[in-house]
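The values are calculated or read from the model by the stated rules, or taken from the named source; none is laboratory data. The structure displayed is predicted, hence computed values, not measured ones. Here the Cβ is made from the backbone with ideal geometry for all residues, glycine too, and neighbour counts use every protein chain on show.
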Amino acid sequence: MHPSLADLFDLTGQVAIVTGATKGLGRSMASGLARAGASVVVVSRDQSRCEEAAAAIAQESGRPTLAHACHMGDWDALPRLVEKTVERFGRIDVLVNNAGIHPAPVAVMDLSSEYFDKLYHVNLKGPVRLAALVAKQMQKQGPGGRIVNVATVGAYAGGPGVGTYTGLKAALINFTKTMAREWAPLGIRVNALCPGPFDSEMMRGTVKLDPKFPDRSAMATMQQRVADCDEVIGAVLYLASKASSFVTGEDHVVAGGMLRC
Ligand SMILES: NC(=O)c1ccc[n+]([C@@H]2O[C@H](COP(=O)([O-])OP(=O)(O)OC[C@H]3O[C@@H](n4cnc5c(N)ncnc54)[C@H](OP(=O)(O)O)[C@@H]3O)[C@@H](O)[C@H]2O)c1
């Protein structure tokens with residue numbers, strides 16, 4: 001008997017942490033995971049924004065949610081996120097390492113130590129640390145955990161002014177492959193999701209510095225557009241569910257056919 005299609009994507013009774021879940025892609029992914037049946041932990045830097053998003057997601061999905069403010073760049077704050085999730089829901093089945101920052105572009109010759117460190121802590125060191133902490137919890141639970149690291153299609157190409165952001169995201173893709181290999185014996189699957197241009201606050205923020213950035217990004221896709229954030233839901237549900245049971249260590253581009261060079 002084949003599994004039903006609904007069963008393939010069903011997350012009923014499962015627990016998902018989504019970082020950066022108050023806005024943009026994270027908010028859409030958290031909503032999709034909750035509507036597939038998961039209890040969702042909503043994480044960002046700001047407790048009131050987390051509570052607002054968690055309440056809205058609980059209302060639209062009928063699933064329990066937990067709001068927990070945590071700065072991804074704060075190494076010592078990350079264990080508490082894992083502990084609190086386990087205290088509240090008893091387990092962790094899915095981690096979506098989505099929170100990321102993309103401040104004003106800086107050319108390589110102009111890089112400061114502060115700028116490099118800020119991006120490094122939030123876009124790479126924090127997600128790697130959180131994945132490791134969650135994987136230890138998943139190991140205790142037995143096989144079945146799934147981790148999705150959100151990178152960018154820009155990681156394949158780099159570009160003027162964005163090298164720190166894209167370089168660290170490229171490192172996150174590489175870490176994804178290492179994690180997948182190290183944790184496959186534990187039954188944990190790890191994949192990277194690489195978005196192209198999505199209409200989020202991050203994307204809209206680029207307009208202040210470069211009004212043509214969204215249009216240029218749109219034109220670099222085959223579909224000639226910037227996507228709505230809800231268009232990422234199908235991809236994250238696939239990676240977070242049984243639908244991708246034989247998929248690990250891969251990077252999955254969701255970018256309207258954007259060229260990778
Ligand atoms: N949008 C795109 O076109 C695009 C393209 C490629 C890749 N991406 C990647 O997709 C992910 C989501 O991007 P987005 O466009 O949805 O961004 P966004 O609209 O700026 O949202 C970012 C989210 O992360 C949270 N956040 C920011 N800094 C944080 C920190 N230090 N610790 C914890 N949470 C933090 C923000 O909430 P608070 O402000 O409440 O903390 C917010 O919920 C990022 O990793 C980004 O690099 C986006």
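Out of all the residues in segment 103-130, which are under 23 Å from LEU78 (Cα atoms), at pLDDT 95 or above and part of a loop (DSSP other than H, G, I, E, B)?
Correct list: empty.
Report those helices (runs of 4 or more DSSP H) wholly inside segment 193-261 carrying at least 2 residues which are on the phi > 0 side of the Ramachandran plot, small (Gly, Ala, Ser) and at pLDDT 95 or above.
Helices (runs of 4 or more DSSP H) meeting the threshold: none at all.
Since THR12 meets every condition but one in (1) more than 30 Å from VAL162 (Cα to Cα); (2) more than 14 Å from the ligand (Cβ to nearest atom); (3) outside any loop (DSSP other than H, G, I, E, B), which condition does it not meet?
Against the list (1) more than 30 Å from VAL162 (Cα to Cα); (2) more than 14 Å from the ligand (Cβ to nearest atom); (3) outside any loop (DSSP other than H, G, I, E, B), THR12 comes up short only on (3).
Go through segment 64-102 and report how many residues are in a loop (DSSP other than H, G, I, E, B) and of a type in the set (A, V, I, L, M).
4
Mind checking which residues of segment 131-157 are in a loop (DSSP other than H, G, I, E, B) and either surrounded by 21 or more Cβ atoms within 10 Å (Cβ to Cβ) or at pLDDT 95 or above (or both)?
Scanning segment 131-157 gives GLY142, PRO143, GLY144, GLY145, ALA151, THR152.
Find the residue count for segment 15-30, including only residues that are assigned to a helix (DSSP H, G or I), near the ligand (Cβ under 6 Å from one of its atoms) and crowded, with 24+ Cβ neighbours inside 10 Å.
2
If GLY163 satisfies every condition in (1) more than 13 Å from HIS102 (Cβ to Cβ); (2) more than 12 Å from the ligand (Cβ to nearest atom); (3) buried (at least 17 other Cβ atoms within 10 Å of the Cβ) but one, which is the exception?
Of everything listed in (1) more than 13 Å from HIS102 (Cβ to Cβ); (2) more than 12 Å from the ligand (Cβ to nearest atom); (3) buried (at least 17 other Cβ atoms within 10 Å of the Cβ), GLY163 misses just condition (1).
Mind counting the residues in segment 31-52 that are free of Cβ contacts under 8 Å to residues at least 60 places away in the same chain, within 13 Å of the ligand (Cβ to nearest atom) and assigned to a helix (DSSP H, G or I)?
6
Just one of the numbered conditions (1) touching a Ser or Thr at 6+ places or on another chain (Cβ under 8 Å); (2) among the aliphatic types (A, V, I, L, M); (3) more than 24 Å from LEU237 (Cβ to Cβ) is not true of ALA151; which one?
Exception for ALA151: condition (3).
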